[in-house]
Amino acid sequence: MSLFKQLWLAIVILLTLVFGGSFIVSSLSAKAYLEQQLSMKNADNANALALSLTQQGADLILLELTLAAQFDTGFYELIQLEAPDGTVPIFREDTQPITDAPNWFVSLFPIQVEPGIASVAQGWQQVGVITLRSHSKFAYRQLWEGTIKMALVFFVAMLAAGALGSYVLSRILRPLDDVVDQAEAIGNRRFITIPEPYTKEFKQVVSAMNRLSGRIKAMLEQEARRLEKWQRDAHVDKVTQLMNREPFMKALEASLESDDVNSTGSLSLIRFSGLANLNQTYGRRAIDKVLHEIGKALNTIASGHSRWVACRLNGSDFALLAPRAPDTAAAREIQNAIAQVLENQDMHDAGSLPGASTIYEHGETIGEIMTRLDRSLLASAEGGESQIIDVQKGDVQLRSLKEQLDEWREILDRSFDEHRFTLTTYPVTDLDGNLIHMETPVRLQHEGEILSAGRFLPWINRLEMSYLLDKEVVSLALQHVKEHDQPVGVNLSVAAVFEPDFVGWLDKTLSINSTLADKLWLEVPESMAFRHMDKFRSVVECARSHRSKVGIEHVGHHLAELGRISDLGLDYLKIDASFLRDVDQNTANQTLLTTLCTVGHSIGLKVFAEGVRTERELAFMRQLGVDGVAGPAVSVGKVAPDASDLDG
């Protein structure tokens, strides 16, 4: 029962008790007063009537006429004259029932009135005794009308007290709405804080809940800093703060195997050819400072783009992985950045900066890409100048970007009009092989061929059609849920986060498909979620209002940002595949991922691993503490083996 109902019930009970008490006291008092007044009236009237009759003489006929006239006009219940011998020669009585008050009221408060008695005489001789009693129905009428008025007053007072109490209670309980919202948010894994109300009791509750949310957020931020430190210690070159070769190659391998917009881009190498001579001339400490500035400049370039990674491959070679880059212009950008650092250090004539760049595509191998880059870099270095050689697959120069954009625009326009997009499925399961949801990468039917996402997503991104594709895949996913009754996960692009109309469209679509929405899993890339956190929050709130689940994929590249997800209300995280490459042999990544799982679990999130390729990687998932897995080594019904079993 709500507090408002309880308040009204309390007021009704209280005022009913007060009314009952007042009713009894006032009725008894009024009854006693009326009885007293009627008794006095009876006595006065009896004496006055006896005196009048005495003066008229003792004629019986005259006495009867006088008493009859008095009875008819005086509102009496009884008038009688009793002779000295005990006979009653004159008797008048009103026997009509009392109708001025309910019977129960008359029975509850019977009015007992003493009759008026007086002697009638003729000279010294007594004629008789007159007995007179006024009618009590008029007393009952007054008593009943007073009770009705008092009941009305109490009823009005009850309504006024209830209305006033409700208003006051609503003001007092106004902070309770915020407390309830905060409690629900914490229940939904959104550890928010709210202003403390003035009401002492509510303030204590809110203060405790705020402390809980604050501790969770502080814990997340602390663990995020620890994770970032571990990642930097394991993956980052200490001098330049650029990524080391091994994790860089894992990131490149994950991009080549990915089935999204990052599966195509450019890879560039720049060689600092004069580094050895500078070490001898200026000393190691001075050159380390220069290298640090170079690393800072390259990291600035990489941080300006999602999933771009800068690396120091070896002592003098620097690389930049630029997913989604349409051409090799990034090579010139990092070459200019290094040259600017050298110029700032008055080392512009320290040596040349030869380079090589290539476009990589989904399905290529690292060996193929690095072979043509190394060959081109060697040729560029032999020229002795800071030139960059653009090399393409098979040494065939691709058509101009404009030509390709025009061609793909025509293909994609027709594909959207004719709804040529489809979904393929692969399972995300728990470690016991039970299905969590079906991952559904999008495919394109074109000229009798099914194109993988890696083939056309980069062009959709460049042509700014991602918003249209997001709506298409959500609609296809809901259709899949309807046909197969399976939970389905879809990958959304940055357009879903950034496009202002998408949330409205999603809300309308999920409202129409309300029976299917609870089996829809939506996820966005980590970089996009953190880059546009406020807009991503709107997507999360919309999806959760329809019981859909929301997560972040490719987690692990922005660990320092994890503290920001404490109040989002997410359902899960998906660890990027690059951190799972040969994780059974990489103790640093094992520690990193174990801690990441612990952090996720501490705020009620599920943690999934994507891109699990081998039995050994799958076996280590149980040891790391992940909740679900996806990748080539995963299938429904397949139980993840224990790492010790494989060792045996």
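The values are calculated or read from the model by the stated rules, or taken from the named source; none is laboratory data. None of the values given here were measured: they were computed from a predicted structure. Here the Cβ positions follow ideal geometry from the backbone for every residue, glycine too, while neighbour counts run over all protein chains shown.
Checked against (1) among the small types (Gly, Ala, Ser); (2) at pLDDT below 85; (3) crowded, with 22+ Cβ neighbours inside 10 Å, SER602 passes all but condition (3). A single member of GLN96, GLN142, GLN126 is farther than 21 Å from TYR33 by Cα, in the same structural domain as LEU15 (by TED's automatic domain parsing), of a type in the set (S, T, N, Q) and not in a strand (DSSP E or B), and it is GLN96.
Within the stretch 477-510, the set of residues being part of a helix (DSSP H, G or I), surrounded by fewer than 18 Cβ atoms within 10 Å (Cβ to Cβ) and over 20 Å from the mean Cα position of the chain (by Cα) comprises GLN479, LYS482, GLU483, HIS484. Of the residues that make up the stretch 232-239, is at least one within 30 Å of LEU444 (Cα to Cα), of a type in the set (Asp, Glu) and surrounded by 16 or more Cβ atoms within 10 Å (Cβ to Cβ)? Checked against the condition, which is being within 30 Å of LEU444 (Cα to Cα), of a type in the set (Asp, Glu) and surrounded by 16 or more Cβ atoms within 10 Å (Cβ to Cβ), the stretch 232-239 yields no hits at all. Condition check for ALA208 on (1) of a type outside the set (D, E, K, R); (2) over 19 Å from PHE530 (Cα atoms); (3) surrounded by 19 or more Cβ atoms within 10 Å (Cβ to Cβ): one failure, at (3).
Here PRO458 fulfils each of the conditions (1) outside any loop (DSSP other than H, G, I, E, B); (2) out of contact with any Ser or Thr (no Cβ under 9 Å at 6 or more places or on another chain); (3) not polar (S, T, N, Q) apart from (2).
Selection within the stretch 228-270: residues that are under 20 Å from ASP390 (Cα atoms) and in a strand (DSSP E or B). The member of this set that is farthest from the chain's Cα centre (by Cα) is ILE270.
Collect the residues in the stretch 544-594 that are of a type in the set (Ser, Thr, Tyr) and either at pLDDT 90 or above or not in a helix (DSSP H, G or I) (or both), keeping them in residue-number order. SER545, SER548, SER566, TYR572 - these are the residues of the stretch 544-594 that are of a type in the set (Ser, Thr, Tyr) and either at pLDDT 90 or above or not in a helix (DSSP H, G or I) (or both).
Checked against the criteria, ASP534 counts as of a type outside the set (Val, Ile, Thr), in the same structural domain as PRO427 (by TED's automatic domain parsing), free of Cβ contacts under 8 Å to residues at least 24 places away in the same chain and under 27 Å from ASN513 (Cβ atoms).
Condition check ((1) without any contact (Cβ under 8 Å) to a residue 40 or more places away in the chain; (2) under 21 Å from PRO441 (Cβ atoms)) across all residues:
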| position | (1), (2) |
| --- | --- |
| ASP571 | no, yes |
| ASP584 | no, no |
| ALA588 | no, no |
| ILE603 | no, no |
| ALA619 | yes, no |
| PRO632 | yes, yes |
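When the stretch 145-167 is filtered for residues that are of a type in the set (Phe, Trp, Tyr) and within 16 Å of ILE24 (Cβ to Cβ), only PHE154 remains.
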